[in-house]
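For reference, the structure is listed below as structure tokens.
Just so it is clear, none of the values below were taken in a lab; they were calculated from the coordinates. These figures come from a predicted structure and were not determined experimentally. Heads up, the Cβs are rebuilt from the backbone with ideal geometry, glycines too, and the neighbour counts pull from every protein chain shown.
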Amino acid sequence: MALATLSLTGCSDRKPESVERPSVRDVNVLLVTMDTTRPDYLSCYNPKAAPTPNLDGLAARGTRFTQAVVQVPLTLPSHACIHTGSYPQMNGIRDNGGFQLDPKVPTLARLVGKQGFETAAFIGAAILNRRYGLNRGFTTYADDMHETKRIEKLPGIMAEIPAEEVSGRALDWLESAEKRGVGGAGKPFFIWLHYYDPHFPYNPPEPFRTRFRSNPYAGEIAYTDAQIGRVLEWLRAKKIEDRTLVVLMGDHGESLGEHGEYTHGIFLYDSTVHVPLIIAGPGLPKGAKVDQQVRSIDIAPTVLDFLSVSDPSPMQGESLLPLLTSGHSVRTTYSYMETLYPRTAMAWSELRGVRAGDWKLIVAPKPELYQLTADPEESRNVIDQHAAETERLKKRVWEVAGDPNHLSPLQSSPLDDQTRKELESLGYVNVSRKQEIRLDMSGPDPKDRVAVLKIMERTAEMINTDRYAAAIPLLRPLLETDPQNPMLYTRLGLCYERLGQYGKAIDVRRAAIQKSADNSETYAELGELYVRVGRLDEAIAAMNRAAEMNPANLQNLTNLATAYLQIGKQADAERAIHGILAQNSKSAEAHNLLGLLEVSRGRGEQARANFELAIEEDSNLAEPYLNLGLLAEKTGNPGKAAECYEQFLKKASPDKHRDVIPKVKEALAQLRR
Ligand SMILES: [Zn+2]
């Protein structure tokens, strides 16, 4: 009896299936986000742009929006707005890294997945790694960036894969899904493709590199257009073009020197918030153009409306369907925007603003108002002439951003609750102390720091071409004029490190700590430098601090475990390794470290099993091959050892392993004698 009651109670909340699912449209959805793409670099928007024939073709069979804008000119928060139909304050992702998507906020993938759509995402850069939560609702989330194979140049440059690989992965998935009947009648898919190529550094592959030598940014866009074309062509060849809704949007633009900004993220001018948006699908107008302002938060509601999927909790964006199908205006007049990046990266004031058709207000220490139709370049600040307009728009900003008189510090949370608990149980108690970000418009106005941006731009170029000594005299004076800016110390320290001047590199990091311009990177870098100069105790102290400040950066825990193993602190090493595994149970690096730990405990068999597991998880990681080889040689198996050394030499990085490569070659020669 009790059981029966329990099961009845369990059912009572649910409506019958037929009521909950009205007739959802049986149409596939392809969402394409082009990173860092300005509309005026597509030939369908600007006849003078280099040809983008595939996007032009999409525009010809769909609708092109001329006034599409994003809420945040940064990759991760902008994508969170696209996928949730909500502003950053609601979806929880306020900056690149350091935040998790609020688990209570529904995503487009989850909502259509519940309706039986097969879901898959193909990601172009590590900035959209699953750890931030955008994977929610996707059955397939392809975000492996082959990170163990890469050599880093400039700090902050994300691991990425080229457009060719994004399209290749998507086409492989589509082919195999087709064999299961997915994409045809009754089995729709929702796939999201993210292309990162137009993002700095601009280095398109051939033939685009040669063809666009004088404008490699345009070359990246032309290359991406060609790769998107492969997927669009597949839809055509499989005759499912007319049963697929395609939405293509830029996640933000690129400033290319305008307003003293060279990339994106610092300012809120149209160079970086105005993006291309094209929507094409069955029953929608062809070759049409919409001039009303629309926003990234309107994408998810539009797709749901098109599919007739009811939204359990209404999103902040509006469906654009009435605008698309019958030209009826929708309520998209006010577009809130913000960027915390000047604060988090440079210790300058954050910016907020609203774009409202003809007007744009930017709330900064020195606020700005622009009349966009008369002054599309946003070159004349007219705030002094329009007090009433300014007040009206200001109200709209604070409606979204919260009470300006009670701006409390923002708590960043790089870990989800489950991971936080696991790390705490391993003794990493400080991970529960969240990092605080001040959001009170204190610090310099970013527009008063364009001289710093100019030098950052010049030195980025120098570092990318290995001219470290030339960058130092440009960076050093900035420590006097902008002493709180953590990025300056990171960059200057990197130059000294690359020149082998480790002492000076350490001094720069210590200066950052002294000026309170430190962050977890400061301690991570300091830890690696202390290892290089053989000061292991200080290295461990610094690495511990880095791991506590940002345990989500697994490199911090990897470095710590390695250092503990070197000084024979096995229990501490084990704790750090389990800290990695708590966040990624498939970490190849962690299994390689576990192997080393077993070696140090004299347990050869367990060591071998872990090295083999490491290779299974990531066959590109070089170290486990070397460790297996050493183990095989020690246990009298020279044939196996030689095989492993050969594999190691194939996978080794000339930079990272430069000291060990000659020794392995020598050992291999010995074995072959
Ligand atoms: Zn981006």
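Things worth noting here:
- Within the chain: Cβ-based charge dipole about Cα centre, in debye rounded to nearest 20 (Lys, Arg +1; Asp, Glu -1): 700 debye
- Candidate aspartates and glutamates - alpha carbon under 12 Å from K454, same-chain residues fewer than 8 apart omitted: E258, E261
- Here is the size of region 605-655 from its Cα atoms: Rg then Dmax, 10.4, 31 Å.
- Estimated distance in nm for a label pair at E612 and N215, the labels positioned 7 Å out from Cα along Cα-to-Cβ: 5.7 nm
- Computed over every Cα-Cα pair of region 32-330 and binned at 5 Å starting from 0, the pair-distance distribution P(r) comes out as 1, 5, 12, 17, 20, 19, 14, 7, 3, 1, 0 percent.
- The base-10 log of I(q)/I(0) for region 292-388, evaluated at q = 0.12, 0.17 Å⁻¹, reads -0.54, -0.88 [Debye formula, identical scatterers on Cα atoms, solvent excluded].
- The amide H of L320, built 1.01 Å from its N in the peptide plane, has T302 as neighbours under 5 Å, considering only residues 5 or more places off or on other chains.
- Here K650 and K366 are evaluated by their C-beta separation; at R0 = 45 Å the FRET efficiency comes out at 0.20.
- Ranked for footprinting exposure by Cβ neighbours inside 10 Å, fewest first, V246, V182 give V182, V246.
- Over all pairs of different C-alpha atoms, the chain has a mean inverse distance whose reciprocal, the Kirkwood radius, equals 27.1 Å.
- Where the Cα pairs of region 475-574 fall when distances are cut into 5 Å bins, in %: 3, 15, 24, 23, 18, 10, 5, 2, 1, 0
- Mean separation of Cα contacts under 8 Å, 6 or more apart, over the residue count of region 14-118: relative contact order %: 14 percent
- Options N592, A652, L630, ranked by Cα towards positive dipole end of region 586-673, top entry (Cβ charges): L630
- Candidate lysines for bridging to K238, where Cα separation is under 24 Å - those fewer than 8 sequence places away on the same chain excluded: K179, K187, K286
- Spin-label model, I513/A387: points 7 Å from Cα along the beta carbon direction are separated by 5.2 nm.
- Listed from fewest to most Cβ neighbours within 10 Å, the set K360, K634, K651 follows the order K634, K651, K360.
- Summed side-chain charge close to A609 - residues other than A609 whose Cβ falls under 12 Å, Lys, Arg +1, Asp, Glu -1: -2
- Positive dipole terminus of the chain, leading residue within T390, A364, G500 (C-beta point charges): G500
- The residues packed around P53, meaning those with a beta-carbon under 12 Å from its beta-carbon, carry a net charge of -3 if Lys and Arg are +1 and Asp and Glu are -1.
- Net charge of the neighbourhood of A576, taken over other residues with C-beta under 12 Å away and scored Lys/Arg +1, Asp/Glu -1, is -2.
- Straight-distance crosslink candidates among aspartates and glutamates, where the alpha carbon sits under 13 Å from K360 and sequence neighbours closer than 8 are dropped: D270, E338, E368, D375, E377, E378, E389, E391
- Across region 253-262, computed HN-Hα scalar couplings (Karplus, 6.51 cos²θ - 1.76 cosθ + 1.60, θ = phi - 60°) run x, 8, 7, 6, x, 5, 6, x, 10, 10 Hz from first to last residue, x flagging Gly and Pro.
- Spherically averaged projected area of the convex hull of Cα atoms, region 225-291: 5.9 nm².
- Computed from label points 7 Å out along Cα-Cβ, the spacing between K586 and T139 is 1.6 nm.
- Burial ordering of D291, D102, fewest other beta-carbon atoms within 10 Å first: D291, D102
- Region 586-673 - convex hull of alpha carbons, volume per residue in Å³: 86 Å³
- When the P(r) of region 224-264 is calculated, the portion above 14 Å amounts to 63% of the C-alpha pairs.
- Computed over the chain: relative contact order in percent, which uses C-alpha pairs under 8 Å that are six or more apart: 13 percent
- Assigned charges on the beta-carbon of Lys, Arg, Asp, Glu; region 586-673 dipole about Cα centre (debye): 320 debye
- The chain: calculated mean residue ellipticity at 222 nm from DSSP helix runs of at least 4, using -39500 (n - 2.57): -13500 deg cm²/dmol
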